[in-house]
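These notes concern the structure reproduced below.
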Amino acid sequence: MDHTVQRDTRNQLLQAMRAEDLAALRPHLRYADLPLGEPLIRSHRPVEDLYFPDSGVVSITAEASQGRVEVGMTGREGLIGAVPVLLGSDRVASDCFIQIPGAAWRIPAAALSAAAEASPSLRRLLLRYVQTELVQARHTAYVNATFTLEPRLARWLLMCHDRVDGDDLPLKHEFLSVMLGVQRSGVTLALQALEGGGGIRGRRGRVQILDREPLRQVADASYGAAEAEYARLIVGA
């Protein structure tokens, strides 16, 4: 187990840790599958376990008048459940569930909290990650209030593509409409427009990324702010 975590993890937050901090966490880490649709953390319930994804994508969602809407996204760059543990709470107001299946390193919340209290360097790294989550959430709110559906969808596809291996994203129109908080018909038209621009190819239940550059051009300023903050605080730390 020790050797596997150190050598093979693809989670970028674990990779960014100092050797002594990772060593303190290693005895508590357990590998777990992330099946499609499974809730990892429920809102307003005690958070018992946290997850460092190795693969897959997890959505952070909130309830809105039209139903559930995505307010954040986490993959192998991060940690599911960081905010309550690092900020001294035991629960969150949002649900976290698996939108693209994968696997993760699971750790008890109490174990991570104790390790962070004992190590200033670990606590600093995890708090920096919490800042990147807050930046992403605030930027998502800005994008949803300012941009039309097509750039919002282009941004969302780029963010998913950042977090998976390969170019095929297992995404249905119904799911995209829920995540973006819009009608399914609007998602269909936006996907057709992105396909016409050469960025993607739509297939039944899947979206294939052909070329990121047309998607970047459509997304414009809606994409990149949160990614730059992560690179500054975590990658460049």
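Within region 48-65, which residues are assigned to a loop (DSSP other than H, G, I, E, B) and modelled with pLDDT of 90 or more?
Selection gives 48 alone.
Within region 84-125, track down each residue that is touching a Gly at 6+ places or on another chain (Cβ under 6 Å) and surrounded by fewer than 17 Cβ atoms within 10 Å (Cβ to Cβ).
101
Does residue 151 fit the bill of being touching a Lys or Arg at 6+ places or on another chain (Cβ under 6 Å) and closer than 26 Å to residue 76 by Cβ?
The answer is no for residue 151.
Among the residues of region 74-115, which ones are of a type in the set (Phe, Trp, Tyr) and either part of a helix (DSSP H, G or I) or under 12 Å from residue 54 (Cα atoms) (or both)?
The answer is 105, and nothing else.
Output the number of the condition that residue 59 fails; it satisfies all remaining conditions of (1) surrounded by fewer than 14 Cβ atoms within 10 Å (Cβ to Cβ); (2) closer than 16 Å to residue 103 by Cα; (3) in contact with an Asp or Glu (Cβ under 9 Å, 6 or more places away or on another chain).
Of (1) surrounded by fewer than 14 Cβ atoms within 10 Å (Cβ to Cβ); (2) closer than 16 Å to residue 103 by Cα; (3) in contact with an Asp or Glu (Cβ under 9 Å, 6 or more places away or on another chain), only one is false for residue 59: (1).
For region 150-169, enumerate the residues that are out of contact with any strand residue (DSSP E or B) (no Cβ under 8 Å at 6 or more places or on another chain) and surrounded by fewer than 20 Cβ atoms within 10 Å (Cβ to Cβ).
If the condition is that a residue be out of contact with any strand residue (DSSP E or B) (no Cβ under 8 Å at 6 or more places or on another chain) and surrounded by fewer than 20 Cβ atoms within 10 Å (Cβ to Cβ), then 150, 162, 166 are the ones that fit.
Does residue 77 qualify as being surrounded by 18 or more Cβ atoms within 10 Å (Cβ to Cβ), under 20 Å from residue 133 (Cα atoms) and touching a Ser or Thr at 6+ places or on another chain (Cβ under 9 Å)?
yes
If we scan region 204-224, do we find a residue that is within 30 Å of residue 84 (Cα to Cα), within 18 Å of the chain's Cα centre (by Cα) and not small (Gly, Ala, Ser)?
Yes, that holds for at least one residue.
Please state which one of 44, 3 is assigned to a helix (DSSP H, G or I), modelled with pLDDT under 95 and over 19 Å from residue 156 (Cβ atoms).
Of 44, 3, the one residue that is assigned to a helix (DSSP H, G or I), modelled with pLDDT under 95 and over 19 Å from residue 156 (Cβ atoms) is 3.
Residues of region 205-223 being within 22 Å of residue 72 (Cα to Cα), surrounded by 15 or more Cβ atoms within 10 Å (Cβ to Cβ) and not aliphatic (A, V, I, L, M), which ones?
Within region 205-223, 212, 216, 222, 223 meet the criteria.
The values are calculated or read from the model by the stated rules, or taken from the named source; none is laboratory data. Model, not experiment: these values are computed from the prediction. We place every Cβ from the backbone using ideal geometry, glycine too, and count neighbours over all the protein chains shown.
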